[in-house]
Amino acid sequence: MDKSNVWSSRKVVSGESVHIPYAGAALQSDKKYIWRVRVWDNKGNQSAWSVMASFQMGLLKTSDWKAKWIEPGFVEDTLMRPSPIFRKEFLADKKIISARAFITAHGLYEAQINGKRIGDAYLTPGWTSYNKRLQYQVYDVTTLIKNGVNVIGVTLGSGWYRGTLAWDGNKNSYGKDISLLCQINIKYSDGSSDVVLSNENWKCSIGSIRYSEIYNGEIIDARDKKEGWMLPGYDDSKWSNVKVETFPLDNLIATYNEQVKKHETFKPKRIFTTPKNEKVIDFGQNLVGWVVVRVEGNAGDTIIISHAEVLDKEGNFYTDNLRAAKAQDIYILKGDGEEIFEPHFTWHGFQFIKVEGYHGELKPENFTAVALYSDMETTGTFTSSNTLINQLQHNIQWGQKGNFLDVPTDCPQRDERLGWTGDAQVFSRTATFNMNVNNFFSKWLKDIAAEQYSSGSVPFV
C-alpha cells in the first residue's frame, strides 16, 4: 500500500467543523485512502488524533473498466425466467496484498468466491434509473482469494430491471436482457497486479432458482442445485458459453447510499390452525423481508410459504389487499436430510405466513423471519408514559424500515412498492428524525432528477 502523504489541511482557523472540502491532488481510481483528524478549541488546546479511518475509491473513468458485459449464451425460458448462474476459474499464484471486486448487473446479483458470499448486501445493485444511473458495488475480497486456483460464481435475478413492476403485468421496464459486469483487481506483494474480468471466457447455466419475481416470490428446486459449482475443480464442460454485449459504461456510478442488509430476526409467536384449516405462523411483528425455513422430506416434496399482513375477521389468512401479487415462496426438496431454504431476489411484507405441503408438526425452531431494509443509522428515539403513543412511534419506525429498501416506497407488500414522490415528500421530515437518511434520499433525488421531464416537472414515481 502506498503510504505517502496525499494532503494535509494543517491547522485552519474557522468556525466550520464539518463538510470541509478536500484540496489535495486528484484522487486515483481503485485506491484506498487513510485519513485522520484533530481539532483545536477557542483557547488553542489541541486534541489527540482521531482513530485512523479509510475510504476506497471506485473506478473514475470508463477506461478503468476492462471487464465486458456478459449474458447467458443459451436460449432463455422467457416465461419462467429462471436465474442464470455464471462461473470463472482464475489463478492467483503470488502473495496478495489487496483484491477489490467491482460488480453490477442488469437485474439483481449475488456473488461468491470459492463458495463464500461476497459482501453482506442484498438486492444489489439496487434500484436506480438504470439507463442513466447504474450503481456498481466495490468489495474487499482479499481474504476470499487463496493462493492457487480460485473461482468466482455469480447468480442473477430479474429484479426491478426487467421483472414485474407496477400493474397490468408490466415487465422489461429498463430492458429485456439479464447481464453481468464483474472485475476483480488484484495487487501482489512484488508490485505486480492482475485482473479477473467478465468476458467471453466465462461459462453459464441454470441452477436451483427456477423463478424469481419481486411481487410473486421465488421458486427454488433443490433437485436442480449444481453441487460445488462455486468451487474450483467443478466440471463445467457441459455448461453454455456466455454472450458478450456492448452495453454502455458511461452510466455506471459508485454506490451512493447504504445498501439493503439483514437486520432483526423473529421467531414464531404462535402457530395455529385457522377456521379454514390453514396452518399459519404469526411472527408478532409486521416486517419486510423473508422467512428462512428448515425442513426434511422426500425428493419432490413441495413447501409453499404464503405471506400476509393480517387475518380477516373470522381469523383466516387474508391476502386480498395484495391484489395481483402472489407473495409466495415455493421450495421443492432434494430429499437428502435437513435442507435450508431462503429467497434471493424477492421480498415480502408480512406478519403471518401460511404453510402448505409441510409434512409433520410446524416447529418454531424451523422458521425464522428476517427483516430487510437499507442499512441506515438510527438517529432519533422517542418514548413517553403513554403506551398507545409508544406503539404509534413503534409502528412509524417499522413503517419506515419496511418502506426504505433502496428507495422510499409507498407499500412493501402488494403489486406496487413504487417510489411515489408525494409519499416520500410527506414522510421525509419524520424519516430524518428516525434515521440518518442523507445518503438514502440524496441517491434517490438524483434519480428523480435523471427522470425529470423537459417541462421541469417530475414523475409521480
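The values are calculated or read from the model by the stated rules, or taken from the named source; none is laboratory data. Since we're looking at a predicted model, the values are computed, not measured. Quick reminder, even Gly has a Cβ in these numbers, built from the backbone with ideal geometry, and neighbours come from all protein chains shown. Remember, those area values only see protein heavy atoms, side chains included, never the ligands or the DNA or RNA. Shrake-Rupley method; radii C 1.70, N 1.55, O 1.52, S 1.80 Å.
Fully extended, how many nm does the chain gain between MET80 and GLN393 (0.36 nm per residue separation, minus their Cα-Cα distance)?
Working: separation 313, 0.36 × 313 = 112.68 nm, distance 4.13 nm.
Net length gain for the segment: 108.6 nm.
Can you tell me the equivalent ellipsoid semi-axes for the chain? Use √(5λ) from the Cα gyration tensor, largest first, whole Å. Working shown, then result.
Numbers: eigenvalues 282, 202, 96 Å².
That gives 38, 32, 22 Å for the three semi-axes.
Kirkwood Rh over alpha-carbon pairs of the stretch 196-274, then Stokes-Einstein at 20 °C and 1.002 mPa s: what D in µm² s⁻¹, rounded to an integer?
So the translational diffusion coefficient is about 121 µm²/s.
Write down the accessible area per residue of the chain in Å², having rolled a 1.4 Å probe over the full set of protein chains.
That works out to 50 Å² for each residue.
In bins 10 Å wide, starting from 0, what share of all Cα pairs of the stretch 78-213 does each bin hold, as a percent?
11, 41, 31, 13, 3, 0
Let me understand the stretch 222-364 better: what is its radius of gyration from the alpha carbons, and its Dmax, in angstrom?
According to the Cα coordinates of the stretch 222-364, Rg and Dmax are 19.5, 57 Å.
Working out 0.36 nm times the residue gap between ASN438 and ALA254, then minus their Cα-Cα distance, what length gain in nm do you get to one decimal?
64.6 nm
Taking a label point 7 Å from the Cα of GLN452 along the Cα→Cβ vector, which residues of the stretch 410-443 have an amide N closer than 15 Å to it?
442-443
To the nearest 0.05, how large is the calculated FRET efficiency for GLU245 and TRP40 if R₀ is 51 Å and r is the Cβ-Cβ distance?
The computed FRET efficiency comes out at 0.40.
If Lys and Arg each add +1 and Asp and Glu each add -1, what is the summed charge of the other residues whose beta carbon sits under 10 Å from the beta carbon of ASN199?
Computed value for this residue: +2.
Based on the Cβ-Cβ distance of ASN147 and ASP336, what FRET efficiency does E = 1/(1 + (r/R0)^6) give at R0 = 45 Å, to the nearest 0.05? Working shown, then result.
On the way: r = 33 Å, r/R0 = 0.73.
Efficiency for this residue pair is about 0.85.
Using only the Cα atoms of the stretch 409-461, build the gyration tensor, take square roots of its eigenvalues as a ≥ b ≥ c, and label the shape rounded, prolate or oblate: rounded if a/c is under 1.5, else prolate if a/b is larger than b/c, else oblate.
oblate
Out of VAL151, SER179, THR164, whose Cα points farthest toward the positive end of the dipole of the chain (charges: +1 Lys, Arg; -1 Asp, Glu; placed on Cβ)?
My answer, from the dipole projection, is VAL151.
Rounded if a/c is under 1.5, else prolate if a/b is larger than b/c, else oblate: which is the stretch 387-440, with a ≥ b ≥ c the root eigenvalues of its Cα gyration tensor?
Judged from the Cα gyration tensor, the stretch 387-440 comes out oblate (a/c at least 1.5, b/c at or above a/b).
Where in the chain are the DSSP H helices whose C-alpha atoms run 15 Å or more along the long axis and whose mean Kyte hydropathy is at least -1.0? Intermediate values should be presented prior to the final figure.
Numbers: long enough: 387-403 (24 Å, -1.02); 421-434 (19 Å, -0.35); 438-450 (18 Å, -0.19).
Helices passing the filter in the chain: 421-434, 438-450.
Distance from a point 7 Å along Cα→Cβ of LYS32 to each backbone N in the stretch 95-117: keep the residues under 16 Å and list them by number.
Residues 95-102 qualify, since their backbone N sits under 16 Å from the label point.
In the stretch 275-429, if every C-alpha pair distance is counted and binned at 5 Å from zero, what percent goes to each bin?
Here the calculated profile for the stretch 275-429 is 2, 8, 16, 19, 18, 15, 11, 7, 4, 2, 0.
Dividing the convex hull volume of the alpha carbon atoms of the stretch 1-95 by its residue count, what do you get in Å³ per residue?
227 Å³
So for the pair VAL310, GLN285, with labels modelled 7 Å out along Cα→Cβ, what separation do we get in nm?
Once both label points are built, they end up 2.1 nm from each other.
Explain nothing, just the number: dipole magnitude of the chain about its Cα centre with +1 on each Lys and Arg Cβ and -1 on each Asp and Glu Cβ, in debye rounded to the nearest 20.
1440 debye
So for the pair ALA324, SER54, with labels modelled 7 Å out along Cα→Cβ, what separation do we get in nm?
Modelled inter-label distance: 4.8 nm.
At 1.4 Å probe size, with the rest of the protein present, what percent of the exposed accessible area of the chain is carbon and sulfur atoms?
Carbon-and-sulfur percentage of accessible area, whole number: 50.
Pick out, from SER442, GLN413, GLN425, the residue whose Cα sits farthest towards the positive end of the charge dipole of the stretch 409-450, with +1 on the Cβ of Lys and Arg and -1 on the Cβ of Asp and Glu.
Value computed over the given set: SER442.
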